[in-house]
1. Exactly one of these conditions fails for Val424: (1) touching a residue at least 12 places away in the same chain (Cβ under 8 Å); (2) touching a strand residue (DSSP E or B) at 6+ places or on another chain (Cβ under 7 Å); (3) β-branched (Val, Ile, Thr). Give me its number.
2. Filter the range 573-615 down to residues that are touching a Leu at 6+ places or on another chain (Cβ under 9 Å) and part of a loop (DSSP other than H, G, I, E, B), then give me how many there are.
3. With the condition kept exactly as written, say whether any residue in the range 289-298 is out of contact with any Cys (no Cβ under 6 Å at 6 or more places or on another chain), aromatic (Phe, Trp, Tyr), surrounded by fewer than 20 Cβ atoms within 10 Å (Cβ to Cβ) and in contact (Cβ under 8 Å) with a residue 40 or more places away in the chain.
4. Determine, yes or no, whether Lys403 is farther than 24 Å from Asn596 by Cβ and assigned by TED's automatic domain parsing to the domain that holds Ser316.
5. Go through (1) closer than 30 Å to Glu440 by Cα; (2) assigned to a helix (DSSP H, G or I) and name the single condition Cys390 misses.
6. Taking the range 309-327, which residues are buried (at least 21 other Cβ atoms within 10 Å of the Cβ) and free of Cβ contacts under 8 Å to residues at least 60 places away in the same chain?
7. Does Thr614 satisfy being over 12 Å from Thr586 (Cα atoms), among the polar types (S, T, N, Q) and either in contact with a His (Cβ under 6 Å, 6 or more places away or on another chain) or buried (at least 16 other Cβ atoms within 10 Å of the Cβ) (or both)?
Amino acid sequence: MEDKMEQIKELVNRLNEAGKTYYQENREIMTNFEYDALYDQLLELEKETGIVLSNSPSIHVGYEILSELPKVRHEKPMLSLDKTKEVPTLQEWLGRQEGLLSWKLDGLTIVLTYKEGKLFSAVTRGNGEYGEVITNNAKVFKNIPLNVAYKGDMVLRGEAVIKYSDFEKINEEIADVEAKYKNPRNLCSGSVRQLNNEITASRKVHFFAFGLVSTAGEVEFHNSRKKQLLWLKSLGFDIVENKSVTEDNLEETVRWFAEHVAKNDFPSDGLVLTYDNISYGISLGTTAKFPRDSIAFKWVDEIRETTLKEIEWSASRTGLINPIAVFDPVELEGTTVSRASIHNISIMEALELGIGDTIQVYKANMIIPQIADNLTRSGHIDIPEVCPVCSHPAQVKKVNDVKALFCTNSECLAKKIKSFTHFVSRDAMNMEGLSEATIEKFIAKGMIHELADLFHLKKYKDEIVTMEGFGDKSYKNLIASVEKARSTTTAKFLYSLGIQNIGLSNAKLICKEYKNKFEEIRNAERERLLTIPGIGGVIADAFIEFFRNESNQIMIDDLLKEIQFEQSEVSEENAKKLEGKTFVITGSVEHYTNRNELKEVIEQKGGKVTGSVTAKTDYLINNDNLSNSSKNKKAKELGIPVITEEEFIQMIKE
């Protein structure tokens, strides 16, 4: 019994530590697979011994919130869901009732309250009893209606999520590996809880309603959860995809979801089954931790044993050298898998990996290949002493208790290629026709050494047009794109430099603070940077260190000889022309390349662009002002002027 008591204590401590880092710090020290395995082990021991410690995660629903956001108590506690990995258990749970089966989205649960048809508050799940008020941020989610037709008080719940595709783009902007987000859930949690909602807006957070908590007025739902969701959909909410089920078609429907999970751009970590009969579900009550009207279904991870063949080491532009496991190919969830990222040295050492070891692999959330366990644990992999690309010394650094390998050579080809790729990317200098493969060829042929060399590719015309994939037309398109890039915004230029943790959003904030005066920006002081919303000590220090570096100063001076900042930016009078004005853009554009370009013009002149028409909107820009679109209708209801592009252009000229 003493041994089992010690096992319980150890499991509780490990799980609580994992929960603390997950909920408070938005980072993971173990995978969901590991956590679930340890949690199930704890439940078995608690059941066997009858011992449940007061701090056991089996009887707690969350952790104390640590942030500067105000906290409120939920009107109704937000409990966790009991879960199973077995379809027969789901069938037994449902019995002869009708149910609603939906995705269990993997993001952050949000409670929305509406009063008099307007969004009144948005609160995170938090620890289940208290949540954080994030109303200001919810207003800039991609798809939350700020106004609804129903005028009574209303409370609903849903999941805030970030698409895999958006997650990858955002992570690419973050140079510092320790600052990169491990998965869309971590990114979403950090985005939703920002103190500056301009950063939230840039993260493209989506909201999917999954439950109606209460309404004040008489609304007839015929005692059906399905009808509640359809009613929310009619009010303009995106609802979680769901299917009606009975005991008879439940297994078939679970299979349908399993077949479609890999195609989802939104992260999910299972399914949720809810009784459709509202009264029946409520009558069942709750346990101390779980509601009895719903249950979660977690996919049984398809695990395959295979043999580890080698560890590849992949260098990045930040200098990080990532370990990648290469193993004998196995079939997982319908695809052949032979590689999995190990992320860092700490994870590799914890798994005690060695060449020839028998490992277990699976797909996290049925999508991302991961190593579940190492069955033989020989632990004899040597960490490289040199960079695999440039052969200069490599160094192990420990940040936030995580060990990672870095190349010490500032001139490493891997860093150089990735820096060039970042510099020419769409949100930076936007030079089309320069893929990573093309840049690598240009470097290998000696055409480019420094970033400024990109502006002098003309002298290599004869050589470029004979290269594979190039001809006269593609060469001309490339040069035209390079010449167009000579005129840029201060924010895009700042972002293009690849400073650690300076994404485009942060670059815009910094440029706004310094009124786009680049000389002031490059000589920024730490104290002033810290006054900018969203800029903390780590970002400020990296920023200052970058501009103090002598090589970077030379590189920047060379670039400044090649480019010019758009005049509309440097005019302080122009920068304030639209100050305090809020615009919404809808429909196609004719005078600008796309809506993003029009949005940039508005922001450069001090205005703001939002996605929804509200009482705070000053102008709706729409070339078809007779359109019956929802935005046009809303603008007319609120008496907001609908103007065309030409009218907007005239406005900024006056």
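The values are calculated or read from the model by the stated rules, or taken from the named source; none is laboratory data. Computed from a predicted model, the values in this text were never measured in an experiment. Every residue, glycine as well, gets a Cβ built from its backbone with ideal geometry; the counts of neighbours run over all protein chains shown.
1. It is condition (2) that Val424 fails.
2. Result for the range 573-615: 11.
3. So the first thing to find is which residues in the range 289-298 are out of contact with any Cys (no Cβ under 6 Å at 6 or more places or on another chain), and the list is 289-298.
Next, only the ones that are aromatic (Phe, Trp, Tyr) stay: 290, 297.
Narrowing further to those that are surrounded by fewer than 20 Cβ atoms within 10 Å (Cβ to Cβ): 290.
If we keep only those that are in contact (Cβ under 8 Å) with a residue 40 or more places away in the chain as well, we get 290.
Checking the range 289-298: at least one residue is out of contact with any Cys (no Cβ under 6 Å at 6 or more places or on another chain), aromatic (Phe, Trp, Tyr), surrounded by fewer than 20 Cβ atoms within 10 Å (Cβ to Cβ) and in contact (Cβ under 8 Å) with a residue 40 or more places away in the chain.
4. On the way: farther than 24 Å from Asn596 by Cβ: yes; assigned by TED's automatic domain parsing to the domain that holds Ser316: yes.
Spelling it out, Lys403 is indeed farther than 24 Å from Asn596 by Cβ and assigned by TED's automatic domain parsing to the domain that holds Ser316.
5. Failing condition for Cys390: (2).
6. Passing the criteria: Ala325, Phe327.
7. Values: over 12 Å from Thr586 (Cα atoms): yes; among the polar types (S, T, N, Q): yes; either in contact with a His (Cβ under 6 Å, 6 or more places away or on another chain) or buried (at least 16 other Cβ atoms within 10 Å of the Cβ) (or both): yes.
Considered against the rule, which asks whether it is over 12 Å from Thr586 (Cα atoms), among the polar types (S, T, N, Q) and either in contact with a His (Cβ under 6 Å, 6 or more places away or on another chain) or buried (at least 16 other Cβ atoms within 10 Å of the Cβ) (or both), Thr614 comes out as yes.
Per-residue answers, yes or no, for (1) assigned to a loop (DSSP other than H, G, I, E, B); (2) of a type outside the set (Asp, Glu); (3) assigned by TED's automatic domain parsing to the domain that holds Ser214; (4) within 27 Å of the chain's Cα centre (by Cα):
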{"position": "Tyr280", "(1), (2), (3), (4)": "no, yes, yes, no"}
{"position": "Lys289", "(1), (2), (3), (4)": "yes, yes, yes, no"}
{"position": "Leu308", "(1), (2), (3), (4)": "no, yes, no, no"}
{"position": "Asn322", "(1), (2), (3), (4)": "no, yes, no, yes"}
